[in-house]
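Laboratory data are not the source of any read-out in this text; all were calculated from the coordinates shown. Everything numeric here is computed off the predicted structure, so don't read it as measured data. Glycine gets a Cβ as well: all are built from the backbone with ideal geometry, and neighbour counts include every protein chain shown.
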Amino acid sequence: MFSIALQQKQYKTHILTDETAHSRLEVVPERGGIITRWSIDGKDILYLDEERFTDPKLSVRGGVPILFPICGNLPNDTYTYDGKEYSLKQHGFARNLPWKGQSITDDEGVKIKLNLSSNQETKKVYPGEFSLCFTYKIYGNVLEIQQLYSNLSNSEPLIFSTGFHPYFCVSDKSQLKFEIPSDHYQDQNKEIHNFDGSFDFDCDEIDVSFQKLRAKSAVVTDNSRKLKLQLDYDDTFSTLVFWTLKGKNFYCLEPWSANRNAMNTGENLISVEPEANYLATVRLTADFF
């Protein structure tokens with residue numbers, strides 16, 4: 001049995017519930033279309049910094065922020081497209097803009113559809129004419145994010161990268177076990193390191209990317225919380241980024257379609273032909289044991 005509720009907090013919050021599975025999803029369309037909470041049996045899967053969330057001047061640190069039309073940052077926040085220079089801040093603008101949302105139920109689950117379209121403000125920093133329609137759906141212990149990227153131009157391709165920045169709760173990082181489909185990662189100095197399934201959490205910050213992935217699934221087992229998380233993604237996503245800060249009760253495992261600075265390098269950029277659509281899917285499965 002599925003249900004939908006609306007709650008007016010600081011922002012209007014859509015609350016989607018699978019009552020049989022005791023799973024719950026909270027989404028705030030006007031704060032970047034963000035998922036703020038996902039829980040099963042009352043146990044939170046996601047981390048949220050409430051203080052940052054309540055300040056609209058700050059980017060949200062928590063939940064599942066949307067990355068579009070870039071992932072990561074650009075040198076000097078600048079890129080060149082078709083001979084013109086644009087300025088675009090880290091991870092793009094989708095996570096900072098208000099989306100329109102509508103919650104619905106069907107026979108398979110409960111979901112919310114979110115929409116964002118290009119406007120005069122987005123065109124100042126990004127020339128693409130686009131419409132995004134994201135569908136967040138929960139059923140059982142699964143959260144699925146279906147994405148539809150539409151090119152509204154009748155003459156120019158839509159060029160972008162996309163991704164998600166989920167923050168997962170953790171109480172003891174030493175109890176995390178990683179199954180990531182790569183034997184090496186690249187750090188911020190572009191140095192390559194071998195990966196044996198673990199990280200040195202004594203570091204102040206870990207910010208690394210896994211590329212040339214050999215599978216479309218990654219698993220993190222948190223033995224302290226008795227939680228196994230599986231992240232599945234389609235061929236859109238070429239890169240997994242892992243990020244955490246020392247002393248913070250979160251870690252991030254992020255599916256990206258392209259690495260940092262792709263708008264300048266052109267590597268792994270998605271190109272959608274005029275008046276065409278592009279589909280992508282990311283799925284999270286949470287099993288407590």
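Structure above, values below:
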{"read-out": "Loop trypsin sites (Lys or Arg not before Pro), region 19-83, which have at most 13 other Cβ atoms in a 10 Å radius of their Cβ (DSSP)", "value": "LYS57"}
{"read-out": "Lysines with Cα under 30 Å of LYS177, excluding same-chain neighbours fewer than 8 positions away", "value": "LYS43, LYS137, LYS190, LYS212, LYS216, LYS226, LYS228, LYS246, LYS248"}
{"read-out": "Directionally averaged shadow of region 204-289, computed from the convex hull of its alpha-carbon atoms, nm²", "value": "7.4"}
{"read-out": "Simple spin-label estimate for LYS248 and PHE289 in nanometres, 7 Å along Cα-Cβ", "value": "2.8"}
{"read-out": "Coarse-grained scattering of the chain at q = 0.09, 0.13, 0.16 Å⁻¹, given as base-10 log I(q)/I(0) from a Debye sum over alpha-carbon atoms", "value": "-0.42, -0.90, -1.39"}
{"read-out": "Residue-count net charge about SER39 - beta-carbon cut-off 12 Å; Lys, Arg +1, Asp, Glu -1", "value": "-1"}
{"read-out": "Unit Cα scatterers, Debye sum, region 44-127: log10 I(q)/I(0) for q = 0.11, 0.19 Å⁻¹", "value": "-0.42, -1.01"}
{"read-out": "Calculated diffusion of region 1-99, Stokes-Einstein form, Kirkwood radius summed over Cα pairs, 37 °C and 0.692 mPa s, µm²/s", "value": "218"}
{"read-out": "Filtered chymotrypsin sites (Phe, Trp or Tyr not before Pro), region 55-112: DSSP coil and at most 16 other beta carbons within 10 Å", "value": "none"}
{"read-out": "Net charge dipole size for the chain [Lys, Arg +1 and Asp, Glu -1 on Cβ; Debye, nearest 20]", "value": "580"}
{"read-out": "Descending Cα extents along the principal axes, region 17-162, whole Å", "value": "55, 36, 20"}
{"read-out": "Where chymotrypsin sites (Phe, Trp or Tyr not before Pro) fall in DSSP loop in region 220-263, at most 15 other Cβ within 10 Å", "value": "none"}
{"read-out": "Charged-residue dipole, Cβ positions (Lys, Arg, Asp, Glu), region 40-125 about Cα centre, Debye nearest 20", "value": "380"}
{"read-out": "Volume per residue that the Cα convex hull of region 21-61 spans, once the total is divided by residue count, Å³", "value": "62"}
